[in-house]
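Structure record follows, encoded as structure tokens.
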Amino acid sequence: MFKKTTLLTLGATIFFTLSACDAGDLFSMPQDKETAPVNTTGNEQNEQTTDNKEEKEDVITLPQGLLQKGDQGNDIESLQKALNELDYNLEETSQFDDKTTWAITDFQFQIDGLDITGIYDDKTKLALEAQFESDNQVKPGDGLPLQKTTETDDGIEVTGNPYEVLVLVNKEHALPDDFTPDDLVIPNVRFPFTEDLPKKQMRKVAADALEEMFDAADDKGLELFAQSGFRSFDRQEEIFAANVEKNGEEAANKYSARPGESEHQSGLTMDVTSADVGFDLIIDFGETPEGKWIEKHASDYGFIIRYPEGKEDITKYQYEPWHLRYVGEKAAKDIMDKSITFEEYLENL
């Protein structure tokens, strides 16, 4: 449980002041003749000032707008103070760090109707406000237990928060072996196959964005098809082993991820294609009308082309114009506008 705290949101606070009026004024208020003016001693004034200061210190302002990992400033400190009222025990550093990201993720896990992203948005703000009036408060760690980043024997970092939208997954940063997202759904988009396969799935926040993007492409007379989304650790293990057997490990590692190192396991990725390339996942897709539209507009819906051309030395993968990764609109626009990789974006944070 947390102490009752005054919660302020942006908006003007209006003070009404009643001043002394002349005898003819309608709202003049006669003074009680038997009541003598009260003189406040110096000690009483000091106590009153101290009380006012303590009251001001208890006031918490929840920021407006979207905030995420890497952001900093007074808004972040205000957010951290609010989360600490829910016993999250964060350092109030004004930095949207890993632990603040975890706290937001865990909070979202425990509130019905919130997307699980680790990003603070308007819906999360409203849910936080409601907590201060609720008798059924969230409990830190009940949604997503706090886990530290670990390291494998091969020196690969394994994330402690696989649910955050900005989680880095590559050859040096892996997902836990047993990670399967709880919020997988099948987006209502076209697939070039009818079987009800796990690879149709994405995490809900990414699936919703994919539907919006496909609708926008439809409006332009384009036909996108979703080919491959979620892939479990075990399935990735099978695929990588088959590619190694076929082409050798060195070659396979340029286009296929080792288990745990695949973005498909995150549930935030969808490979897309079109009829012009026979629904294959090939570089030629980038030259189709659908591929060119994707390159220009994917970021409008929170997606990036994860493995861009000319950045192979950073991503360690070949150019894949079909491989879309959801990172949220704020990050996606920054990445695509600057023509940088996800790795470079996170480094700059």
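Per-structure values
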| read-out | value |
| --- | --- |
| Condition broken by GLU57, with the remaining ones in (1) modelled with pLDDT of 95 or more; (2) out of contact with any Pro (no Cβ under 7 Å at 6 or more places or on another chain) satisfied | (1) |
| Flag if PRO192 is buried (at least 21 other Cβ atoms within 10 Å of the Cβ) and either in a strand (DSSP E or B) or more than 16 Å from the chain's Cα centre (by Cα) (or both) | no |
| Residues of segment 184-210 classified as among the acidic types (Asp, Glu) and closer than 18 Å to TYR301 by Cβ, total | 1 |
| Identity of the residue in segment 295-349, touching a residue at least 40 places away in the same chain (Cβ under 8 Å) and among the basic types (Lys, Arg), that ends up surrounded by the fewest Cβ atoms within 10 Å (Cβ to Cβ) | LYS316 |
| Meets criteria (surrounded by 15 or more Cβ atoms within 10 Å (Cβ to Cβ), hydrophobic (A, V, I, L, M, F, W, C) and in contact (Cβ under 8 Å) with a residue 24 or more places away in the chain) for LEU184 | yes |
| Qualifying positions in segment 108-121 - without any contact (Cβ under 8 Å) to a residue 40 or more places away in the chain and under 12 Å from the mean Cα position of the chain (by Cα) | GLN108, LEU114 |
| Residues that are without any contact (Cβ under 8 Å) to a residue 12 or more places away in the chain and surrounded by 15 or more Cβ atoms within 10 Å (Cβ to Cβ), drawn from segment 270-283 | VAL277 |
| Test: residue in segment 125-137 that is under 25 Å from ASN89 (Cβ atoms), among the aromatic types (Phe, Trp, Tyr), in a loop (DSSP other than H, G, I, E, B) and modelled with pLDDT of 95 or more | no |
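Residue-by-condition table, conditions (1) buried (at least 19 other Cβ atoms within 10 Å of the Cβ); (2) modelled with pLDDT of 95 or more; (3) on the phi < 0 side of the Ramachandran plot:
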{"site": "LEU222", "(1), (2), (3)": "no, yes, yes"}
{"site": "ALA242", "(1), (2), (3)": "no, no, yes"}
{"site": "ASN247", "(1), (2), (3)": "no, no, yes"}
{"site": "ASN253", "(1), (2), (3)": "no, no, yes"}
{"site": "GLU261", "(1), (2), (3)": "yes, no, yes"}
{"site": "GLN265", "(1), (2), (3)": "yes, yes, yes"}
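The values are calculated or read from the model by the stated rules, or taken from the named source; none is laboratory data. Nothing here was measured: the structure is a model prediction, and the numbers come from that model. Cβ coordinates were reconstructed from backbone atoms using ideal geometry, including for glycine residues, and neighbour counts include every protein chain displayed.
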